[in-house]
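**Student:** Submitted below is the structure of interest, expressed as structure tokens.
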Amino acid sequence: MPALFLAGVLIQHFLIRRVLGPNDMPQIFLTFALSLLLLNLSLMLFSANYRTVHTFYSDEAWHIGGLYVPVAKLIAFAVAMALSGLLWVFLHTTDLGRAMRAASQNRDVAMLMGINPNRVFAVAFGTALALAGAAGSLLMPFYSAYPFVGQ
């Protein structure tokens, strides 16, 4: 997660920040181009084969009240709920979280209040990329992955 956070901060700082403005089309084109770049890079590095991760708990299941609950899905659910709760606490109790919410609502007013929107957007993009990486790692024990997954 820290590596993906850093990658998100760098992508936002060096690429996305340059196209922010009143028109959304440059942002759309840039993110689409990044998607194509990452897709083709993953095709070159990993090929188009399906990949899975087998953990020691992948085949385990708990019997709860007549239902069989896979342990991998239970762990993914618990960690996802914990990360969602941590994100909510971060956004509602910290100064940086309040700054993120303010900058997302009105960038100009946030700047008048002394908030640096570029720094806030970089942290938000890094956080989003880190959480996406966490979600992918939680889903890998029971879903297969390939370069075109999610499209």
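**Student:** As a test of understanding, state the convex hull volume per residue of the chain from its alpha carbons, in Å³.
**Tutor:** 150 Å³
**Student:** Please work out the Cα center distance from the stretch 63-80 to the stretch 87-151, rounded to the nearest Å.
**Tutor:** Between the Cα centres of the stretch 63-80 and the stretch 87-151 lies a distance of 27 Å.
**Student:** What percentages, rounded to whole numbers, describe P(r) for the stretch 75-115 computed over all alpha carbon pairs with 10 Å bin width beginning at zero?
**Tutor:** 30, 36, 23, 10, 1
**Student:** Can I ask one more? Round to the nearest 10 and give me the degree value, 0 to 90, for the angle of helix 117-139's Cα axis relative to the longest principal axis of the chain.
**Tutor:** 10 degrees
**Student:** While we're looking at this one, here's another question. Name the residue from Gln27, Trp88, Gly65 whose Cα lies farthest towards the positive end of the charge dipole of the chain, charges +1 on Cβ of Lys and Arg and -1 on Cβ of Asp and Glu.
**Tutor:** With unit charges placed on the Cβ atoms, the residue in question is Gln27.
**Student:** Let me ask another. Using the alpha-carbon atoms, what tilt in degrees (0 to 90, nearest 10) does helix 95-105 show relative to the longest principal axis of the chain?
**Tutor:** With both axes taken from Cα atoms, the answer is about 70 degrees.
**Student:** Here is a further query. I'd like the accessible area for Asp108: 1.4 Å probe, protein heavy atoms, all chains in place, Å² to the nearest 10.
**Tutor:** Asp108 exposes around 100 Å² with every protein chain in place.
**Student:** Jot down the per residue volume, in cubic angstrom and as a whole number, of the convex hull over the alpha-carbon atoms of the stretch 13-59.
**Tutor:** Given the Cα convex hull of the stretch 13-59, per-residue volume reads 146 Å³.
**Student:** Additional query: Evaluate Rg over Rh across the stretch 37-109, taking Cα atoms for both radii and Kirkwood's formula for Rh.
**Tutor:** 1.21
**Student:** Between 0 and 90 degrees, rounded to the nearest ten: what's the tilt of helix 2-11 against the longest Cα principal axis of the chain?
**Tutor:** 40 degrees
**Student:** Could you state the accessible area per residue of the chain in Å², with a 1.4 Å probe and every protein chain left in place?
**Tutor:** 69 Å²
**Student:** Of the listed peptides 35-42, 11-18, what is their order by residue-averaged count of other C-beta atoms within 10 Å, with the highest listed first?
**Tutor:** Ranked by mean Cβ neighbours within 10 Å, highest first: 11-18, 35-42.
**Student:** Residue by residue through the stretch 18-23, which ³J(HN,Hα) values in whole Hz follow from phi under the Karplus form 6.51 cos²θ - 1.76 cosθ + 1.60 (θ = phi - 60°), with glycine and proline marked x?
**Tutor:** So the Karplus estimates, Gly and Pro as x, are 6, 10, 5, x, x, 9 Hz.
**Student:** Leaving out ligands, DNA and RNA, and with a 1.4 Å probe, what % of the accessible surface on the stretch 1-118 is carbon or sulfur?
**Tutor:** The value for the stretch 1-118 is 70 percent carbon and sulfur by accessible area.
**Student:** So how do 116-124, 84-92, 99-107 stack up, highest first, on mean other-Cβ count within 10 Å?
**Tutor:** Result, highest mean first: 116-124, 99-107, 84-92.
The values are calculated or read from the model by the stated rules, or taken from the named source; none is laboratory data. It should be emphasised that the depicted structure is a prediction, and the values quoted were computed from it without experimental measurement. Positions of Cβ are generated from backbone atoms using ideal geometry, with glycine treated the same way; all protein chains shown enter the neighbour counts. To get the accessible areas, we keep the full protein, side chains included, count just its heavy atoms, and leave off ligands, DNA and RNA. Shrake-Rupley method; radii C 1.70, N 1.55, O 1.52, S 1.80 Å.
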